[in-house]
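J.: Quick one: the structure is below, and I'll ask about it shortly.
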Amino acid sequence: MNYKTLLILFLLFSAIANSKWSAPLNLQLLNSEADDFAPQWNKSENLLYFNSEKSGYSKFYTYSFDSLNKVKLVKGGINKEKNNQSFITFDYQNSTAYFSTFKQAGRKQVLNIFNSRFEKSAWNEGSLINEFSSDFFTSHPSISPNGKTIVFSTSRANKDKETDLYSAFKEQDGTWSEPQAIKELNSEGNEITPFLASDDTLYFSSDGFDGSGGYDIYYSIKVQGEWQKPTPLSEFNTENNESDFVLINPNHCIFASDKLGGKGKLDLYESKMIIEKSPINENDIKLSLESYTSVIRTSNNYSYSLNGLSQYLFFKENSADIEMPSAQINIGDFKFSIYDFNYKIGTSIIADRLKKSPDSKIKISAWTPEIIELKNDNKENSKYIADSRIKKLFEIFESYGIDKNRFEVNFNYFKPTEKEKYDYLFLSSNNNHIFDFIENKKDSITIEPVILKLIVNVNPENLLNDVAVNIKNGDKIIETNKVTKYKNEFDINLKDQVHQINELDSINVVASLKNKVSNSNFMVMHNESKSQEIVDYESNRYYVYTIMAVNQSHFINTESLNYIKEKTNDLNLDRIKIFSTFTELSKELAESLVRFLKLKSNKQIIKSDKLSDYEYINNHLFRIYIPVE
């Protein structure tokens, strides 16, 4: 044994010395009064396979650690009736299972190794593997994770006396090489139930190494092509028999034992690895963070629809409270609440435009149903109600820093009719641009890189799994649950944070471990392009404009309508469409829009679905389709 071999073994056993298996726990939910044995984990299905003889025959069953703790009989041809089959192992690369069942050998039946394919959601009956076929006991197959090596137990060299471990390798044409005995691991006794954890780590059971009981569990490591002397798993071995060891993952194992205190004959037991960490001086920890890039780029190629900025504010009947319907307006893929559109968004945009244009003023026309004026402080008095509403509006704009001196007020009283029964404030301005259309954006943001790759260097290295990596904006953490690790490489998926990152000029990625912190700053570069949304209708392409029209007398003062009128001056007017919900009032208003825009015919009014589930809004909300020239 050379120096390198000794070094590898020293490191291996040093790692093992810092960990130990927990006391085995009987898997009561799986075990019966009969033999329960041969566990095997199927990582593709996330299921534990095992054998039980509780039906009188050895059958395959499954169990899920994540489900309602139900044990299920495996369906399909692999579980033959009135027959014994056992010790399944899986080749994930080829959707193949290897298992043991009987073949006829002259006048006797003998266990041999078969393979089965997963077809139509079940394992089929399987067929004999000719390369391993023998007239003597051949069973307990275990295939390596890469599907290229198989180890099994057979008595072919001893004519049904002692069993030995054999291995074979898959050839390039998919056949198996001639099985060869693993001489380093075979004793004068029996070696059974091998489990290949990897190409160079093998667990098995034997009664030939002077263990503590009958069959004991051992493991061996292959170094430079040679299997090393077997080491017993002393945590599990008793004066009885332990075998059928498998790993669910590196820190979780299952095996079979007939030791006293079990539920039946052979029972299944599980154990989990306990990692014993050596105390570390925090001052000796070294931590650094590196990245392949220092720049993150976002690109927002958004589309937008144009919605008229409402010049109307509605109120609850005989009240100064702003009407706040919860209904949604739906314009294609765009959705927004009426309250947001008219009040939260509308008033804030108007205020922002007023700040940018100091000479602009707002004229408020208060339209209130006429109520008999008994006295000036009577809350049923129309003037009192109108004054209260204007005061409410002043409060809204003052909250944005707009002085009420920039407003002019006049009052209008009307007698309510079935058509005109709602009261409102109508806003206009000496500056046409105060009520310009607003863009309703539909973002389409991409980010590069999508996966932010980081290298975290830690000393001592065994603390790497304790490192936390977060994205920060100042002191605020940008939540991400998509951090994957491979050795010391950390991959952060930025896809779910793209909208947050697009609003920032930089982000800070912080790696932390105990009292150590390392960070890396990333500049965020932005690119933006936009295009007005285009819709198809009757083989033509249109721009869509959404407007609100309440009263015909306001048309000439409604900036969104004036904008559309100007837009359509040089167009073929008979191709313009007005979409209306066709209520009596909306149809009347739509016909007025036809005249105002000087369209050719009322036939250009198209009945549309409701834009909102709020009845009043449907009477006054219109979509105008202007052809793309």
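The values are calculated or read from the model by the stated rules, or taken from the named source; none is laboratory data. In this text, all values refer to a predicted model and were calculated from it rather than measured experimentally. Here Cβ is always computed from backbone atoms with ideal geometry, including for glycine, and neighbour counts include all displayed protein chains. Side chains included, ligands, DNA and RNA excluded: accessible areas come from the protein's heavy atoms. Shrake-Rupley method; radii C 1.70, N 1.55, O 1.52, S 1.80 Å.
J.: Please specify each residue of region 147-183 satisfying the condition of being of a type in the set (Asp, Glu) and assigned to a loop (DSSP other than H, G, I, E, B).
T.: Hits for region 147-183 are 160, 162, 171, 173, 178.
J.: From the list 134, 116, exactly one residue is among the polar types (S, T, N, Q), within 26 Å of residue 27 (Cβ to Cβ), surrounded by 14 or more Cβ atoms within 10 Å (Cβ to Cβ) and in contact (Cβ under 8 Å) with a residue 12 or more places away in the chain. Which is it?
T.: After applying the criteria, what remains is 116.
J.: Here's a follow-up. Quickly run through region 189-201 and pick out the residues that are without any contact (Cβ under 8 Å) to a residue 60 or more places away in the chain and in a strand (DSSP E or B).
T.: 191, 192, 194, 195, 196, 197, 198, 201
J.: Is it the case that some residue within region 245-258 is farther than 30 Å from residue 148 by Cα and either at pLDDT 95 or above or open to solvent by 30 Å² or more (accessible area, probe 1.4 Å) (or both)?
T.: For region 245-258, residues farther than 30 Å from residue 148 by Cα and either at pLDDT 95 or above or open to solvent by 30 Å² or more (accessible area, probe 1.4 Å) (or both): present.
J.: Can you pull out every residue in region 265-293 that is open to solvent by 70 Å² or more (accessible area, probe 1.4 Å), part of a loop (DSSP other than H, G, I, E, B) and under 30 Å from residue 526 (Cβ atoms)?
T.: 292, the sole residue that qualifies.
J.: Is one or more of the residues making up region 438-447 open to solvent by less than 30 Å² (accessible area, probe 1.4 Å), under 20 Å from the mean Cα position of the chain (by Cα) and modelled with pLDDT under 85?
T.: The answer is no, given that none of the residues of region 438-447 is open to solvent by less than 30 Å² (accessible area, probe 1.4 Å), under 20 Å from the mean Cα position of the chain (by Cα) and modelled with pLDDT under 85.
J.: If you check 186, 237, which single one turns out to be part of a loop (DSSP other than H, G, I, E, B) and in contact with a Leu (Cβ under 7 Å, 6 or more places away or on another chain)?
T.: Of the residues listed, the single one that is part of a loop (DSSP other than H, G, I, E, B) and in contact with a Leu (Cβ under 7 Å, 6 or more places away or on another chain) is 186.
J.: Would you confirm whether or not region 35-45 contains a residue that is at pLDDT below 95, touching a helix residue (DSSP H, G or I) at 6+ places or on another chain (Cβ under 9 Å), closer than 25 Å to residue 267 by Cβ and in a loop (DSSP other than H, G, I, E, B)?
T.: yes
J.: What is the one condition in (1) of a type in the set (Gly, Ala, Ser); (2) in a helix (DSSP H, G or I); (3) surrounded by 20 or more Cβ atoms within 10 Å (Cβ to Cβ) that residue 592 does not satisfy?
T.: The number of the failed condition is (3).
J.: Of the numbered conditions (1) open to solvent by 20 Å² or more (accessible area, probe 1.4 Å); (2) over 22 Å from residue 170 (Cβ atoms), residue 110 fails exactly one; give the number of that condition.
T.: (1)
J.: Here is a further query. Among the numbered conditions (1) closer than 17 Å to residue 255 by Cα; (2) open to solvent by 40 Å² or more (accessible area, probe 1.4 Å), tell me where residue 104 comes up short.
T.: So the condition that residue 104 fails would be (1).
J.: Criterion first (open to solvent by less than 10 Å² (accessible area, probe 1.4 Å), under 23 Å from residue 62 (Cα atoms) and either among the small types (Gly, Ala, Ser) or assigned to a loop (DSSP other than H, G, I, E, B) (or both)) does residue 205 satisfy it?
T.: Judged against the criteria, residue 205 is not a match.
J.: If the Cβ limit is 7 Å and pairs must be 6+ apart or interchain, which residue in region 580-594 that is closer than 16 Å to residue 625 by Cα pairs with which residue that is open to solvent by 10 Å² or more (accessible area, probe 1.4 Å) and among the hydroxyl-bearing types (Ser, Thr, Tyr)?
T.: Sorted first by the residue in region 580-594, then by its partner, the pairs are 580/608; 581/608.
J.: Let me ask you something else. Is it the case that residue 221 is at negative phi, assigned to a strand (DSSP E or B) and of a type in the set (A, V, I, L, M)?
T.: Against the criterion (at negative phi, assigned to a strand (DSSP E or B) and of a type in the set (A, V, I, L, M)), residue 221 qualifies.
J.: Further question: Which of (1) touching a residue at least 12 places away in the same chain (Cβ under 8 Å); (2) of a type outside the set (D, E, K, R); (3) farther than 26 Å from residue 29 by Cα does residue 243 not meet, given it meets every other one?
T.: Going through the list (1) touching a residue at least 12 places away in the same chain (Cβ under 8 Å); (2) of a type outside the set (D, E, K, R); (3) farther than 26 Å from residue 29 by Cα, residue 243 breaks only (3).
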